[in-house]
Amino acid sequence: MPRALSRGVVVLLAALLALFIIGPLLWLAMRAFAASWTYPDLLPDAWTFRWWSVVFSDRALGVAVQNSLFFAPITVLVSAVICLPAAYAFARFEFPGRRFFLIGVFAANSFPKMGLFVSLAALFYALNLMNTILGILVVHVLGTVVFMTWIPAAAFAAVPRSLEEAARDAGASKLRTFFSVTLPMALPGILVAAIMSFLSSFDEAQGTYLVGAPDYMTMPTQMYSLVLNYPTQVAAVFSILLAIPSVALLLAAHKHIVGGHLAEGFQIK
Amino acid sequence: MTTSDSGGLEIEGLHKVLGGRSIIHSLDMTVRPGELVSLLGPSGCGKTTTLRMIAGFLTPDAGSIKVGGREVVHLGPEHRPSAMVFQNYALWPHMTVAKNVAFPLKLRKRPKAEIAERVDAALELVNLLHHKDSRPARISGGEQQRTALARALVQEPELLLLDEPLSNLDAKLRVKVREDIREIQQRLGITTVIVTHDQEEAMSVSDRIAVMNNGRIEQFSTPADLYGTPATEFVATFIGSLNRLEGAIKDGRVVPGPGVVGIRPEDVVFGTETHPRGLAATVERVVPRGHFAELHLRREDAVLRAYVTGVPPAVGASGCARIEKWLEFEDGQLVGQGTAE
């Protein structure tokens, strides 16, 4: 195939891919400022900020934003406290059932979510966790276990033992060695895991709706009622707001994410 | 950097079983204060295991390890008065060269000014002051090696341990670094144990060498003694080159016998004139080795390798080859040695 033609095909495919990704976002952005936009018009008939003021003046929406910004960081924190020690153990110790538990961490992600949440709800009723902050946290943390275990486990495993031994030899206790050598070296991997967990918590809708609604609405669960109760423009505004933290986080961390840390997470044996 | 009042090392009855296999059997060794000793042997002989037990990364199943007269066998690596240079250097990539060297002193909670001073002195000693603020990944292998050495020396340890310190360097650098290590070791008078599989490396830096095989020390002596009077056939073949012939030696020729005769190639002399103790020989092969050549000589009793300096004879040339010195082994042990009158 001539060079120019093959180049043309590549450019075309790239453009198609870009359109596939950016197209809906563009449509969404336009819709958020559209007074009304109906078929078969190619462009909205007028532009307006009205929908933005609707969103910002709605108290329920403000609360949802607050709730989301409350649950996501706490989820990351709780998940880190629970999962990082497990990740370290998976990476550094041989114990009976290690493989079983490592694979078992995937279990929460290997069933249809809704089925899992329905049985979880039955359990939560028994434990009085329905409509509680704790209940929602449990749901969110469950969704992050895979990221917070597998990726950091690989990051810990990638730290050469001789570097830890050198620290011990230099006079560091086991704890000091962990905090001065192992943890800093595994940090990029842990950061990736934390971002993935943050986003997973931020986007969690089904379980939160089932356990928290109507007392605790987060941004994604609020989306459901928005889509039902308001013109589509309001939903467009809200989804743009919902995307801001994800985009900001990914931009801030893209340097670490392009590295092999994600791939690394699935190479642990 | 001050000269450390180094302690000696005493190892007694060391035993180690790993994975159901006995790695070290009843090992005894004494290193005198200020002495440099090499643990030399083929891979799997237990030399690294021994070093790791001295450093505290492995716990022996039995035996005692004393540094400067103090029992350390129950201590973790962080409490032992030894410092180790790792084979892959094990520098911390997230710290600069200076921070790597400063870390052991920070752990000892030394005052800031003292740390800065001692780090500079250690880096000066290994000639790396100009790379102080570089990350380990930005400097060469030889420089990383010297950083690791500085990190060990800054602790002013009673005992310096080096695990295959030169194996990751290229051949030319190896000679220079080993001379540097020896020079610094002598200047500081620090008791040092080096693990190596390279006999030339061990011979050139050590006061004494412990030749290990199958978890035992075959012989523990000076380089000259190991070469001239090897206690076992293993030591004789492992250190230097050896013509190994089954039989015994009688009137300058090899005759059938129960033992093994070992002759160093430099103790085989080849010439064109006949000699009363010599036998007719033909040159089968000539291997140039730089400032000397290795000849393969066929005599009626054996094929002998010989070293000659100057212009080597041509392949196929005939002459006379005689044996000047030999070693006699039975059941792997040295039972005699002789020199032609």
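The values are calculated or read from the model by the stated rules, or taken from the named source; none is laboratory data. Here the structure is a predicted model, which means the values were calculated and not measured. Methodologically, a virtual Cβ is constructed for each residue, glycine included, from the backbone with ideal geometry; neighbour enumeration extends over all protein chains shown. Ligands, DNA and RNA are excluded from the accessible area calculation, which covers all protein heavy atoms including side chains. Shrake-Rupley method; radii C 1.70, N 1.55, O 1.52, S 1.80 Å.
For the reader, a short list of remarks on this structure follows.
- Residue tally, condition closer than 25 Å to A:THR218 by Cβ and either acidic (Asp, Glu) or in contact (Cβ under 8 Å) with a residue 12 or more places away in the chain (or both), over region A:70-102: 12
- Of the residues making up region A:143-161, those that are part of a helix (DSSP H, G or I) and within 14 Å of chain B (Cβ to nearest Cβ) are A:ALA155, A:ARG161.
Okay, residues lined up against (1) surrounded by fewer than 17 Cβ atoms within 10 Å (Cβ to Cβ); (2) under 30 Å from A:ILE190 (Cα atoms); (3) touching a helix residue (DSSP H, G or I) at 6+ places or on another chain (Cβ under 7 Å); (4) not assigned by TED's automatic domain parsing to the domain that holds A:VAL237:
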| site | (1), (2), (3), (4) |
| --- | --- |
| A:GLY8 | yes, no, no, yes |
| A:ALA14 | yes, no, no, yes |
| A:PHE20 | yes, no, no, yes |
| A:ALA29 | yes, no, yes, yes |
| A:THR75 | no, yes, yes, no |
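- Taking the numbered list (1) within 20 Å of the chain's Cα centre (by Cα); (2) part of a loop (DSSP other than H, G, I, E, B) in turn, B:LEU161 passes all entries but (2).
- Hits in region B:120-153 (condition: part of a loop (DSSP other than H, G, I, E, B) and either touching a Gly at 6+ places or on another chain (Cβ under 8 Å) or not hydrophobic (A, V, I, L, M, F, W, C) (or both)): B:ASN127, B:LYS132, B:ASP133, B:SER134, B:ARG135, B:SER140
- Listed by first and then second residue, the pairs linking a residue in region A:234-247 that is under 15 Å from A:TYR224 (Cβ atoms) to a residue that is of a type in the set (Val, Ile, Thr) and surrounded by fewer than 21 Cβ atoms within 10 Å (Cβ to Cβ), with Cβ atoms under 7 Å apart and 6 or more places separating them unless they lie on different chains, are A:VAL234/A:VAL54; A:ALA235/A:VAL227.
- Filtered residues of region B:56-79 (kept if more than 14 Å from every other protein chain (Cβ to nearest Cβ) and either open to solvent by less than 20 Å² (accessible area, probe 1.4 Å) or closer than 15 Å to B:ILE24 by Cβ (or both)): B:PRO60, B:ASP61, B:ALA62, B:GLY63, B:SER64, B:ILE65, B:VAL73
- Taking region A:51-70 as the range and being surrounded by 16 or more Cβ atoms within 10 Å (Cβ to Cβ) and in a helix (DSSP H, G or I) as the test, the residues that pass are A:TRP51, A:TRP52, A:VAL54, A:VAL55, A:LEU61, A:ALA64, A:VAL65, A:ASN67, A:SER68.
Here's the yes/no breakdown for (1) modelled with pLDDT under 90; (2) over 30 Å from B:ILE209 (Cα atoms); (3) surrounded by 15 or more Cβ atoms within 10 Å (Cβ to Cβ):
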{"position": "B:PRO81", "(1), (2), (3)": "no, no, yes"}
{"position": "B:GLN87", "(1), (2), (3)": "no, no, yes"}
{"position": "B:ALA90", "(1), (2), (3)": "no, no, yes"}
{"position": "B:ALA102", "(1), (2), (3)": "no, yes, yes"}
{"position": "B:PRO111", "(1), (2), (3)": "no, yes, no"}
{"position": "B:GLU143", "(1), (2), (3)": "no, no, yes"}
{"position": "B:ARG151", "(1), (2), (3)": "no, no, yes"}
{"position": "B:LEU169", "(1), (2), (3)": "yes, no, yes"}
{"position": "B:LEU173", "(1), (2), (3)": "yes, no, yes"}
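- Residue selected from region A:162-219 under the condition under 19 Å from the mean Cα position of the chain (by Cα) and within 14 Å of chain B (Cβ to nearest Cβ), by the criterion surrounded by the most Cβ atoms within 10 Å (Cβ to Cβ): A:GLY189
- Selection of first residues in region A:104-127 that are exposed (fewer than 12 other Cβ atoms within 10 Å of the Cβ) and of second residues that are assigned to a helix (DSSP H, G or I), restricted to Cβ pairs under 7 Å at least 6 apart or on distinct chains, gives the following pairs, ordered by first then second residue: A:MET114/A:GLN206.
Matching residues to (1) small (Gly, Ala, Ser); (2) at pLDDT 90 or above:
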residue: B:ILE249; (1), (2): no, no
residue: B:PRO256; (1), (2): no, no
residue: B:GLU273; (1), (2): no, no
residue: B:ARG298; (1), (2): no, yes
residue: B:ALA302; (1), (2): yes, no
residue: B:PRO313; (1), (2): no, no
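- Evaluated against (1) open to solvent by less than 30 Å² (accessible area, probe 1.4 Å); (2) under 23 Å from A:LEU249 (Cα atoms); (3) not assigned by TED's automatic domain parsing to the domain that holds A:GLY212, A:PRO44 falls short on exactly one condition, (2).
- Matching residues, region B:80-119, being part of a strand (DSSP E or B) and more than 7 Å from chain A (Cβ to nearest Cβ): B:SER82, B:VAL85
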